[in-house]
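No lab work stands behind these numbers, since they all come straight from the coordinates. Keep in mind that what you see is a predicted model, and the values were worked out from it rather than measured. Because the Cβ atoms are built from the backbone with ideal geometry, glycine has one as well, and the counts that use them run over all protein chains shown.
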Ligand code: GLN
């Protein structure tokens, strides 16, 4: 096993996760099996109880693990399925050590950060690195470990110390360290190397020497700055890597590859590279395609955590994956749901009318998942507008529940219909608490992870899922449609098209006589890939840009010819043909080693 530790300097949020994922991508495209571990040095056991305002979205894994959103980047870039243990937190490590102490495993010794906590960290990493992540039984060959935060943080110290020891435990030829640092460009635009020098000094002081220094900057890294960092930080100039801002993150693996990272790793870690002709080819085509598409598709995302885009990271990525397949540039309008509410008309008229203008201008309306009462009436208003104006609508989890409430109130005449989450005493509880686990705690008590969903009838969603009888998407919810009232909906053409294996839980809705009105109780965005967009999202985007009927006619396949027919702007170039063959016909999906996500996040613009 080869370990690559990615640490960060100066500030967090400069795209360390994207760089770490891109390194994994390059190695994967050399034929190596790659896995990833994300370390978050906070005391929470997992991300499950986080407010999206603090850390962005909570990413959900197949096994129900509620983890940091960076694990989503690894899954999308490396096209792998990770496990909850691939996310290490200080909380998890301490919990393990304290449990051992209670059991008496330390035989009366004083339990300390060094060696007990550091040993627990090393053992965890060694154990998890070996777990297969790519649908085969084969153990990975390379493990990328991203250490969250910046070097020097008090919280990160036990981890830095653990890796200082780890380099000797697994031997130098099996371990290397990449330090991602910031090269700021203050007013005059001149690139400054001092913050990087300081952070490398801090790293060395703690016993880790960087093998590569990756410099994040606004514009391409200047030669003199590279030389200066090389001189002062005691690495060769070729070990200083520049990653400047880009239009989309598809470019990052390409940029790293251009700076000969493959050759570097092959030598440094004695890797057996199995080069392929098409190395990173799909990435290049995707990046070029992303940059060449100009016709936009405007989508309104009606949410609650609108101040931080990361709160809807996977939803936005899934929309982008689909938009690129539909030859459209995603224009996303994020609307604060509460601004759509009637009482805002007098309280904050400017916000009210602006929000409604944005909603009315959009080609499609998406209501994502969420928790709590605030903004729900605004979401219900948005659903009503989409339903009655024939605008494509996609409701995810809470979004589906809002669609049920809207229909109950306005079509079934169920007065005050609501979810018991919002109104525990509602006279018409159309959405109710249906717990699977009730141990009284908030953490880890939801219906979580991949669950089998069976299509009960022929429907649009089933077609979009290529006529599969059942699907497995990831869940994260407590409340569900009240099964005792579903017949009232069905009678009016509001169909519950998919259920759980026991036939009790309503998993998806569809409305007849509407261009696209779909709700789904799970979160399909977590499994969307750039080369394999999530089917409901793809259907939604195609419907929003008017391409869904043709797509349906063709049995939900975008062949090159079909693509050419549908495309209004870049249908016939060779590149398009090639991409269509690889991407849209579904060939080589299983070996799409170099799949990625398409958008600029955390500083990797
Ligand atoms: N709050 C809702 C529930 O718990 C929806 C959750 C979600 O959208 N993820 O069921």
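Tabulated results
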{"item": "Span from the the range 471-491 Cα centroid across to the the range 89-142 one, whole angstrom", "result": "39 Å"}
{"item": "For the chain, share of DSSP beta bridges that run antiparallel, in % to the nearest 5", "result": "35 percent"}
{"item": "Cβ-based exposure ranking for 353, 250, 479, in which fewest neighbours within 10 Å come first", "result": "353, 479, 250"}
{"item": "The chain: relative contact order in percent, alpha carbon pairs under 8 Å with at least 6 residues between", "result": "17 percent"}
{"item": "Overall Cα dimensions of the chain - principal axes, largest extent first, Å", "result": "72, 67, 51"}
{"item": "Which of 347, 317 has the fewest Cβ neighbours within 10 Å, and the rest in rising order", "result": "347, 317"}
{"item": "The chain - mean residue ellipticity at 222 nm from DSSP helices (-39,500 (n - 2.57) per run, n ≥ 4, rounded to 500)", "result": "-10000 deg cm²/dmol"}
{"item": "Theoretical gain in end-to-end length, residue 468 to residue 130 [0.36 nm per residue, Cα-Cα removed]", "result": "118.4 nm"}
{"item": "Where only C-alpha atoms are counted, convex hull volume of the range 308-461 per residue in Å³", "result": "170 Å³"}
{"item": "Ranked packing of 384-393, 172-181, most packed first, by mean Cβ within 10 Å", "result": "172-181, 384-393"}
{"item": "Relative contact order (%) - the range 98-216, alpha-carbon pairs under 8 angstrom, separation at least six", "result": "21 percent"}
{"item": "Packing-based ranking, highest mean first, of 184-195, 77-88 given that Cβ atoms within 10 Å are counted", "result": "77-88, 184-195"}
{"item": "Column: log10 I(q)/I(0), Debye, Cα scatterers of the range 422-532, q = 0.12, 0.19, 0.20, 0.24 Å⁻¹", "result": "-0.46, -1.09, -1.19, -1.49"}
{"item": "Kirkwood hydrodynamic radius over Cα pairs of the range 39-84, then Stokes diffusion coefficient at 10 °C and 1.306 mPa s, in µm²/s", "result": "145 µm²/s"}
{"item": "Sequence ranges 213-225, 103-115, ranked by mean other-Cβ count within 10 angstrom, highest first", "result": "213-225, 103-115"}
{"item": "Distance between the range 24-45 and the range 57-84 - C-alpha centres, whole angstrom", "result": "10 Å"}
{"item": "The range 1-119, Cα convex hull volume normalised per residue, Å³", "result": "139 Å³"}
{"item": "Kirkwood Rh and Cα Rg combined as Rg over Rh, evaluated for the range 137-215", "result": "1.05"}
{"item": "Backbone N within the range 147-174 under 11 Å of label point (7 Å from residue 206 Cα along the Cβ vector)", "result": "147-164"}
{"item": "Rel. contact order, % - alpha carbon contacts under 8 angstrom, at least six apart, the range 230-325", "result": "23 percent"}
{"item": "Cα-based Rg / Dmax (Å) for the range 137-296", "result": "17.5, 54"}
